[in-house]
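Trainee: Structure incoming, see below.
Since every read-out is calculated from the coordinates, none of them should be taken as a lab result. In this text the structure is predicted, and so the values were computed from the model without any measurement. Neighbour counts run over all protein chains shown; Cβ positions are idealised from the backbone, glycine included.
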Amino acid sequence: MIYSYPDISVYDQLQQLQAEFNEVKNENKILKISGRLLLERAPQLITMRPYANTLQETLDYIIQKQENEIHRLHDELQREIYRCFERINDLELLWKGQVQQFLKSSDKL
């Protein structure tokens, strides 16, 4: 940050800037060190079995069970649809037979 104070000498302003620069430089070093430590620890963190993996595995298991149930219900629905079509076909044949009987009986009258 550059401060401009008319009553402060250029030398004092330079000293203030130098102090701020050193402060920023130190903060930068601290951030670099913490970043380096994080990178050094990263392989350990990756190989650890975190709670998130257990949670993900549990969610995957639940999703797989739901998928299996959906497939089972789909297959059951397909069988029921086939049975319904068979019943509709049987009813259609019965209806046609009754219509034929009615037409024959009406012809006799």
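Trainee: Among the aspartates and glutamates, which have Cα under 17 Å from the Cα of residue 65 when same-chain residues fewer than 8 positions away are ignored?
Mentor: Those aspartates and glutamates meeting the cut-off are 57, 75, 76.
Trainee: Please report 107, 75 as a ranked list, fewest other C-beta atoms within 10 angstrom at the top and most at the bottom.
Mentor: 107, 75
Trainee: Another one. Consider just the alpha-carbon atoms of the stretch 51-109 and return their Rg together with their Dmax, both in angstrom.
Mentor: Considering the stretch 51-109 through its Cα atoms, Rg and Dmax are 25.3, 86 Å.
Trainee: Setting aside same-chain residues fewer than 8 positions from residue 96, which aspartates and glutamates have a Cα under 16 Å from its Cα?
Mentor: Partners found: 86.
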